[in-house]
Amino acid sequence: MPPLYTDALLRIWHTADPPGLRLAGQVDMTNQSALMHHLLAVDAPPDDITLDLTEVTFFSFASLHALAAFAQALGPVQRLILHTRTPVIADMLLACGWNRPELPLTLLEEIPDD
């Protein structure tokens, strides 16, 4: 399946099971609005939306903040589920306090293949 979005740094694909997006590359201020546009367009059931970041090598703080704002705007039973293999993304989220129980954002850190 071709990507929904492609630029010099980032590619975005739609995922159906689980509903959400898969990203590869780098997310920064040049493509953050494209990410948010496609995230808002996800046709998800009234529960979780998944963002697969296992192929992301860089994620700016501003883009992570936009994801946290998106998670806060979700419905009362929805959660934004982030899958990552990059410890830096997990560390950035934890350092910013975005693992608070009241924020509907779950981080699932996968162990990289060695």
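Every read-out reported here was derived from the displayed coordinates using simple, explicitly stated rules and does not represent laboratory data. None of these values were measured; they are calculated from a predicted model. Positions of Cβ are generated from backbone atoms using ideal geometry, with glycine treated the same way; all protein chains shown enter the neighbour counts.
Could you go through region 19-32 in sequence order and give the Karplus-derived ³J(HN,Hα) for each residue, using 6.51 cos²θ - 1.76 cosθ + 1.60 with θ = phi - 60°, rounded to whole Hz, and x for Gly and Pro?
Once rounded to whole Hz, the list reads x, x, 9, 10, 10, 9, x, 10, 10, 9, 5, 6, 10, 4.
Given the options Val56, Pro45, Gly75, identify the residue whose Cα lies farthest towards the positive end of the charge dipole of the chain (+1 on Cβ of Lys, Arg; -1 on Cβ of Asp, Glu).
The listed residue farthest towards the positive side: Gly75.
Using a ≥ b ≥ c from the Cα gyration tensor of the chain (square roots of the eigenvalues), is it rounded, prolate or oblate, where a/c under 1.5 gives rounded and otherwise the larger of a/b and b/c decides, a/b for prolate?
Numbers: a/c = 1.35, a/b = 1.08, b/c = 1.25.
It is rounded, given that a/c, with a ≥ b ≥ c, falls under 1.5.
When a footprinting reagent is the concern and you count Cβ atoms within 10 Å, what order do Leu23, Leu9 take, fewest first? Kindly include the intermediate steps, with their values, before the conclusion.
Working: Leu23 23, Leu9 14.
Lowest to highest Cβ neighbour count: Leu9, Leu23.
Give me, ordered by chain and number, the residues 5 or more places off Leu107 or on other chains with an amide H under 5 Å from its own placed amide H.
Excluding prolines and chain starts, which carry no amide H, the hits are Leu82.
Can you sort Val42, Val27, Val77 from fewest to most other Cβ atoms within 10 Å of each residue's own Cβ?
Numbers: Val42 14, Val27 25, Val77 9.
So the residues, fewest neighbours to most, are Val77, Val42, Val27.
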